[in-house]
Amino acid sequence: MKFTTGISLLALFMLLFSACSEDEKPPKGTLSEEKMATILTDIHLAESRVNRLQLKSLDSSLMIFNRLKSDIWKKHQVDTTAYRESYAYYMSHPEQMTTIYEKVNKKIEEREKNNNIKF
């Protein structure tokens, strides 16, 4: 019985130790927090722009939003795969995503203050 308990405690200790290790580095190709914040700012402004149009057709809204997203990818020289993989990474790291959204909020506030809400 004691041997099994010892192995269980060792496994638990190793699990806790690995969870407390230094920050994990993002995978290669992950967009920086700053770049993600800038892109997300533009995406949220694009969503707002489409919502303000008050289109009755969801298809029309999606078509316009997808066009705006395509313009965002071109503007930031990012493809959808890099964005999605980076987004997935940051969603699995809530502290970093919180930091990113704090930056997004600041960027939107700055644009509103300067009347520059276009992307």
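The values are calculated or read from the model by the stated rules, or taken from the named source; none is laboratory data. None of the values given here were measured: they were computed from a predicted structure. Cβ atoms come from the backbone with ideal geometry, glycine included; neighbour counts cover every protein chain shown.
So Gln54 passes all but one of these: (1) surrounded by 11 or more Cβ atoms within 10 Å (Cβ to Cβ); (2) polar (S, T, N, Q); (3) more than 28 Å from Glu24 (Cα to Cα). Which condition number does it fail?
It fails just one condition, (1).
Kindly establish whether Val104 is surrounded by 13 or more Cβ atoms within 10 Å (Cβ to Cβ), modelled with pLDDT of 95 or more and outside any helix (DSSP H, G or I).
No; evaluated as a whole, the condition is false for this residue.
Of Leu31, Leu15, Leu55, which residue is in contact with a Ser or Thr (Cβ under 7 Å, 6 or more places away or on another chain) and at pLDDT below 95?
Of the residues listed, the single one that is in contact with a Ser or Thr (Cβ under 7 Å, 6 or more places away or on another chain) and at pLDDT below 95 is Leu55.
Out of the residues in region 78-96 meeting the condition of being more than 15 Å from Gly29 (Cα to Cα) and assigned to a helix (DSSP H, G or I), tell me which one is nearest to the chain's Cα centre (by Cα).
Across region 78-96, the extreme among qualifying residues is Met91.
Take the residues in region 78-98 that are of a type outside the set (Val, Ile, Thr) and closer than 11 Å to Ile39 by Cα, then tell me which one is surrounded by the fewest Cβ atoms within 10 Å (Cβ to Cβ).
Taking the candidates together, the pick is Tyr87.
Do we have any residue at all in region 58-71 that's more than 22 Å from Glu102 (Cβ to Cβ), under 16 Å from the mean Cα position of the chain (by Cα) and either touching a residue at least 60 places away in the same chain (Cβ under 8 Å) or in a helix (DSSP H, G or I) (or both)?
Yes; the residues of region 58-71 include at least one that is more than 22 Å from Glu102 (Cβ to Cβ), under 16 Å from the mean Cα position of the chain (by Cα) and either touching a residue at least 60 places away in the same chain (Cβ under 8 Å) or in a helix (DSSP H, G or I) (or both).
On the given criteria, is Ile39 in contact with a His (Cβ under 7 Å, 6 or more places away or on another chain) and either loosely packed, with under 12 Cβ neighbours inside 10 Å or in a helix (DSSP H, G or I) (or both)?
yes
Contact list please: Cβ distance under 7 Å, first residue in region 27-56 and touching a residue at least 40 places away in the same chain (Cβ under 8 Å), second residue aromatic (Phe, Trp, Tyr) and assigned to a loop (DSSP other than H, G, I, E, B), pairs at least six apart or on different chains.
If the second residue must be aromatic (Phe, Trp, Tyr) and assigned to a loop (DSSP other than H, G, I, E, B), the pairs left are Asp42/Phe119; Leu45/Phe119; Ala46/Phe119.
Does Lys75 count as within 15 Å of the chain's Cα centre (by Cα) and surrounded by 11 or more Cβ atoms within 10 Å (Cβ to Cβ)?
no
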